[in-house]
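The values are calculated or read from the model by the stated rules, or taken from the named source; none is laboratory data. Being a predicted model, the structure only gives us computed values, none of them experimental. For neighbour counting, all protein chains shown are included, and Cβ atoms are generated from backbone atoms with ideal geometry for every residue, glycine included. For the accessible areas, the whole protein counts, side chains as well, though only heavy atoms, and no ligand, DNA or RNA atoms are used. Shrake-Rupley method; radii C 1.70, N 1.55, O 1.52, S 1.80 Å.
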Amino acid sequence: MSTTNPAVPAVPAVPTAPEASEVTRARRTGGDLVVESLAALGARTVFGLPGQHALGIFDALRRSALRYVGLRVENNAGFAADAYARTTHGVAPLLVSTGPGALMTLAALQEAAAGSAAVLAIGSQVPLAGIGGGRHGYLHELTDQSASFRGVVKSVHTARTASQIPSALAAAWASALSAPHGPVWLEIPQDVLLAPVDVPPVAELTVSVPELRPRAELIAAAADRLAGARTPVILAGGGVVRAGAGAEAELLALAERLRAPVATTFGGKGAFPWEHPLSLRSWLEDRHTTRFLEDADTLLVVGSGLGELSSNYHTFRPRGRVIQIEADLGKLESNHAALGIHADARQALGALAAAVAERVGEGERGSAGSAAADGGAVGTGTPGTPDTPEAAVAGLLARVRERIDGQGLDLEQQVLAAVRDALPDEGVSCWDMTILAYWAWSAFDARRPNALHSAQGAGGLGYGFPAALGAAVAEPGRPVLAVSGDGGAMYSIAELATARQYDLPVTWLIVDDGGYGILREYMTDAFGQATATELTRPDFVALAESFGVPALRTSPERLRTDLAAALASPGPSVVVLPALLRMFAPTHLAP
């Protein structure tokens, strides 16, 4: 690996007049109330990018114990906060300015909403006199800035006076943490942030986040159906991972009690052990898996709305009964009729596992195994075929493997296997919208819960690298891998400066195929040729080295070794893989 580290001239500090320093220390402002409130709520780290109207907050940061991580583009700061929130299961404050700075966060906040990441975005506003759509001509002025956020975030909050700031922040914090987690927006006018305050420093803020518990009669009905099912199957979604410690253990206990096969959605990777005999893994874009789920006489869906990707592009047609546990009320039965249970996944799985244990009984094999022994089909897709649940799972995975192996995709499988082997088990990976990520959704073993993050919720480019920076801040000491294509990498190339500035241990794998690879495939398949997909790109190795970040160019044969060495090295690094990867053939278009 090249270790070129060109000298970067130091930026001289701007001297501050002693009298100005004394004045600043002697007073507190609305900005101080913001950082004091965040600290009182439990924040330790904030992300962001300063702007003219928000300077009152940033000035107050230097008087606080909060750690500030500054990125170069507001959207990237939002992605970093998103991954920090997912990794910690907590709230990630995001500080930005008015107008363009605020609006630049929208794509990141959409991803946070889709992925249920508790990002607390705090933006400034024009002075109070300019609010209300009067068109006063202030810099960055919008007729109604908050209106831009209402269709994206969970809730919108405003503090128009200094005394409102602590309570507004507490309300926004509680909204972000209530199930399901999600982003919120709070805005504060510039003059409120800058004005002196004479209220005491914020010492304590209490936030009560109610637990979303399932109703007892619904758990009883669900337990009856599962205990009596001949071929129960479970689909675990991102809600299981987001529910935090305990949900995965409850899922495992329930599945083993029922001997029910378990598939995970792309957002739910890590919710169930990949190598478990009952693991169907994540091959949801596969007709064999779709049919397996359809054949279940009782399908338990936990923490998923059965949206486009989780339903193999809405081709899933269940023939049995569906039980759906979902914290997002809007997703409950939004695609399929079900016994709907509005609850947090951990709460519901715990109650359901206990109820099923009472009905099935200690030491019994479970109704699924008994049904198989009696000659019932267990999700094989072949009616009347006697099987055990474990054998049915093995059979399905063999059929999936046969389908993939028949498409001449050895390079793609080699590259993905090299990445998996190079990343330590305790590592975290963050994936951009690129062909290798689409492979990872189906075929990558996350090894542990909450260790793989991707932008598959909203699907915007540029997520992988800034998200990896946020994950590295959240879990110092763990190796973090970011994966991007060359097109997606250009969205966040400026954050190489962030990685170097904070010396974050993130290795960035850039798969360089000369363009928007997946769009090239889509357009070629649909129209016979691609348009607007080919890209001029930089020498990524030289560009990374210009930031003082070690970089190298690798090959599929050397990828495992080169990537492992980069991940084991301190600080940031870049590995560039020139390769033209292909997607496996879709099955949702087949008759």
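For region 119-156, the set of residues classified as modelled with pLDDT under 85 and among the hydroxyl-bearing types (Ser, Thr, Tyr) consists of TYR138, THR143, listed by residue number. Scanning region 171-220 for residues that are of a type in the set (A, V, I, L, M), within 22 Å of LEU33 (Cβ to Cβ), assigned to a helix (DSSP H, G or I) and under 30 Å from the mean Cα position of the chain (by Cα) gives ALA171, ALA172, ALA174, ALA176, LEU177. Here is a check on your reading of the model: is ARG359 modelled with pLDDT of 95 or more, surrounded by fewer than 21 Cβ atoms within 10 Å (Cβ to Cβ) and in a helix (DSSP H, G or I)? Taking the combined requirement at face value, the residue does not satisfy it. Checked against the criteria, ALA222 does not count as aliphatic (A, V, I, L, M), under 23 Å from ARG242 (Cα atoms) and open to solvent by 40 Å² or more (accessible area, probe 1.4 Å). Which pairs turn up if I take residues in region 104-121 that are buried (at least 24 other Cβ atoms within 10 Å of the Cβ) and look for partners that are in a loop (DSSP other than H, G, I, E, B) and aliphatic (A, V, I, L, M) with beta carbon separation below 7 Å, at least 6 apart in sequence or on another chain? Final answer for the pair search is LEU109/VAL152; LEU109/VAL153; GLU111/ALA455; GLU111/ALA458; ALA118/VAL91; LEU120/VAL91. The listed residues are THR554, THR587, and the only one of them that is in contact (Cβ under 8 Å) with a residue 40 or more places away in the chain, of a type in the set (S, T, N, Q) and within 21 Å of GLN413 (Cα to Cα) turns out to be THR587. When region 531-563 is limited to residues that are among the small types (Gly, Ala, Ser) and buried (at least 18 other Cβ atoms within 10 Å of the Cβ), the one that is farthest from the chain's Cα centre (by Cα) turns out to be GLY548.
All told, ARG160 falls short of being in contact (Cβ under 8 Å) with a residue 60 or more places away in the chain and open to solvent by 50 Å² or more (accessible area, probe 1.4 Å). Exactly one residue out of GLY459, GLY375 is over 21 Å from THR264 (Cα atoms), modelled with pLDDT under 95, surrounded by fewer than 18 Cβ atoms within 10 Å (Cβ to Cβ) and not hydroxyl-bearing (Ser, Thr, Tyr), and it is GLY375. Residues of region 468-495 being open to solvent by less than 10 Å² (accessible area, probe 1.4 Å) and under 19 Å from THR105 (Cα atoms), which ones? Answer for region 468-495, where residues must be open to solvent by less than 10 Å² (accessible area, probe 1.4 Å) and under 19 Å from THR105 (Cα atoms): ALA468, LEU469, GLY470, ALA471, GLY488, ALA489, SER492, GLU495.
In region 13-52, what count of residues is obtained for those that are at pLDDT 95 or above and in a helix (DSSP H, G or I)? The total comes to 12. Of the residues making up region 435-451, those that are open to solvent by 20 Å² or more (accessible area, probe 1.4 Å) and of a type outside the set (Gly, Ala, Ser) are TYR438, ASP445, ARG447, ARG448, PRO449, ASN450. Residues in region 255-277 that are charged (D, E, K, R) and assigned to a helix (DSSP H, G or I): GLU256, ARG257.
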